[in-house]
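First comes the structure, then the notes that go with it.
Laboratory data are not the source of any read-out in this text; all were calculated from the coordinates shown. As the structure is a prediction and not an experimental result, all values here were calculated from the model. With ideal geometry, Cβ positions are generated from the backbone for all residues, glycine too; neighbour counts draw on all protein chains shown.
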Amino acid sequence: MGIGTLLGLWTRAAALGGMALSLTFLLVVSWHTTPYYLGPDIVFLAAFTPLALAPPSRWSVDAAVSRRLQLDPSQHAAVPEGRRQFLGTLTVATWIGLAGLAAGGSAAALGRLLEPSRTDAADGHATLHPPSQPTAGAAGPVSTADASTGTAIGRAADVPIGGSAPFADPTTGASAVVIRSRAGVYEACSAVCTHQGCTLEYRGEVLRCPCHGAAFDPATGAVLQGPARQPLATFDVRAPGDGNLYVSS
Ligand code: FES
């Protein structure tokens, strides 16, 4: 729809499709959003409207196809003009679609070639394995709670220096993240953005929200950048030397 409206290819149909899509996003995504919806879908809806109402411009693909057919009427004189216009535009649309697929595929392949070994671990994002048994040879299941140290969330060695690992808040089950900022120093806080609840990502030594760009200090939970206003809940983290990490609120 974007390419159609940009090039003037089946302009009105593409613009009507864009209006329908924008209206759908506006109604569906914004329904439960509080305190307000920041998506630009209402702007897109308005911007598509003149393209759906006005005839295609003389510089559009639609107009170019139309001019070409008028200049060469002898080829398919027996075919009605409307069908010729449709077939001519369909041919152009097919070529543009194939060119778009080729360009997109090439870009994706190039991206993979340039970063062949990119993994979660290479990004510093790790996965915590279940806590190990603190006492070697002890019988019975591993206890994940200890009144003096908090709740065990996993093995300390799983978190790379400068990296992070997600875990579930032992009290609420909500998303949380533990960060090993340097050797022996761990910080943990909620990974739920206080703006609209998106899950935060640890990048560049701060927790960033992929939805609207808020940033938080993982050590204190403080807001570094809006639109979020409330700080994150933080945990006390302990690594008492038994190989596990323990958190407490
Ligand atoms: S949900 Fe909006 S900034 Fe995080």
Taking every C-alpha to C-alpha distance in region 145-248 and binning by 10 Å from 0, the per-bin percentages run 17, 50, 28, 6, 0
As a Kirkwood estimate from alpha-carbon pairs, region 2-114 has a hydrodynamic radius in angstrom of 16.6
For residue 113 and residue 220, extending 7 Å from Cα along the Cα-Cβ vector and measuring point to point gives, in nm, a value of 4.8
Expected vector for region 232-249, Karplus 3J(HN,Hα) from phi with 6.51, -1.76, 1.60 and θ = phi - 60°, integer Hz, x for Gly and Pro, equals 7, 6, 10, 10, 7, 10, 10, 10, x, x, 8, x, 10, 9, 10, 10, 9, 6
1/(1 + (r/R0)^6) with r = Cβ-Cβ of residue 229 and residue 13, R0 = 35 Å, i.e. FRET efficiency to nearest 0.05, evaluates to 0.20
Protection proxy (average C-beta count within 10 Å per residue), highest first, orders 93-101, 14-22 as 14-22, 93-101
